[in-house]
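Structure first, then comments.
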Amino acid sequence: MSDTILDRWDITAEELTQVIDQNPSLRGMVLGYLAELKLEKLWLSGDDISEVTKHDDHDRKKKGDRIVLYKGHQFIFESKSLQTAMIRRTDKGWVGKAQVDASDRREIVLPNRSKVTTTCLLKGEFDILAVNVFAFENKWRFVFVKNGDLPTSKYKKYTEYQRKHLLATLVEVHWPPEPPFFEEPFTLMNEIIQNRI
């Protein structure tokens, strides 16, 4: 007999569906964690990937939802989802926005050793952003972009130096993907490896 969460909690699939449908914040949280699992199963389990690990979610100093060893090189993947209220259909396909930030405010150290308390993620803090675009057509697909190709913050209360090193909290995403996004991560990992050599 399988031991699923439904068995453990003595609930039906219909009851779980009802609770998730009635609580959008829970739906977003569950979908976000499922996206991490789908990312690993769909893209981070190939022959050239020798190891996949995950940091403790409560460790605010370590960003990255999956840490991957690919061709002997370590890559940190940050997984994010679309904001469903910002999705629209276009002549070319779909467009939406992904919220690219930390869940809580935290103090981060910038390259010049100054500190800032923010929900923004730091440029260079991870290698590749993976945005699940499930909400476009209810299919498990992802788009991938290098950290260095993400836009930085334009928030006026940050100094110019801080803005240069803090990532924008909303990033536009298209399906089919448009540069600098790709629909697979290997091209990006190979480019990063070339720049590391």
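Somewhere in the stretch 31-43, is a residue touching a residue at least 60 places away in the same chain (Cβ under 8 Å) and more than 14 Å from the chain's Cα centre (by Cα)? Taking every residue of the stretch 31-43 in turn, at least one turns out to be touching a residue at least 60 places away in the same chain (Cβ under 8 Å) and more than 14 Å from the chain's Cα centre (by Cα). In the stretch 4-46, how many are modelled with pLDDT under 90 and either more than 29 Å from residue 64 (Cα to Cα) or of a type in the set (S, T, N, Q) (or both)? Residues in the stretch 4-46 being modelled with pLDDT under 90 and either more than 29 Å from residue 64 (Cα to Cα) or of a type in the set (S, T, N, Q) (or both): 2 in total.
Table: residues versus (1) in contact (Cβ under 8 Å) with a residue 12 or more places away in the chain; (2) under 26 Å from residue 88 (Cβ atoms); (3) among the hydrophobic types (A, V, I, L, M, F, W, C).
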site	(1), (2), (3)
101	yes, yes, no
129	yes, yes, yes
151	yes, yes, no
162	yes, no, no
165	yes, no, no
189	yes, no, yes
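Annotation: of all residues in the stretch 121-148 being in contact with a helix residue (DSSP H, G or I) (Cβ under 7 Å, 6 or more places away or on another chain) and small (Gly, Ala, Ser), the one that is nearest to residue 96 (Cα to Cα) is 135.
Show me the strands (runs of 3 or more DSSP E) entirely contained within the stretch 67-162 in which 2 or more residues are farther than 16 Å from residue 44 by Cα.
94-99, 101-109, 115-120
Within the stretch 1-16, work out how many residues are loosely packed, with under 12 Cβ neighbours inside 10 Å and in a helix (DSSP H, G or I). Adding up the residues that qualify gives 6. Tallying residues that are out of contact with any Lys or Arg (no Cβ under 8 Å at 6 or more places or on another chain), among the hydrophobic types (A, V, I, L, M, F, W, C) and not in a strand (DSSP E or B) within the stretch 36-55 yields 3. Return yes or no: is residue 165 farther than 24 Å from residue 43 by Cα and modelled with pLDDT of 95 or more? Yes: the conditions hold for residue 165. Among the residues examined, residue 25 does not qualify as free of Cβ contacts under 8 Å to residues at least 40 places away in the same chain and part of a strand (DSSP E or B).
The values are calculated or read from the model by the stated rules, or taken from the named source; none is laboratory data. The shown structure was predicted, so the numbers you read here are calculated from the model rather than taken from an experiment. Cβ sites come from the backbone with ideal geometry, for glycine too, and all protein chains shown count toward neighbours.
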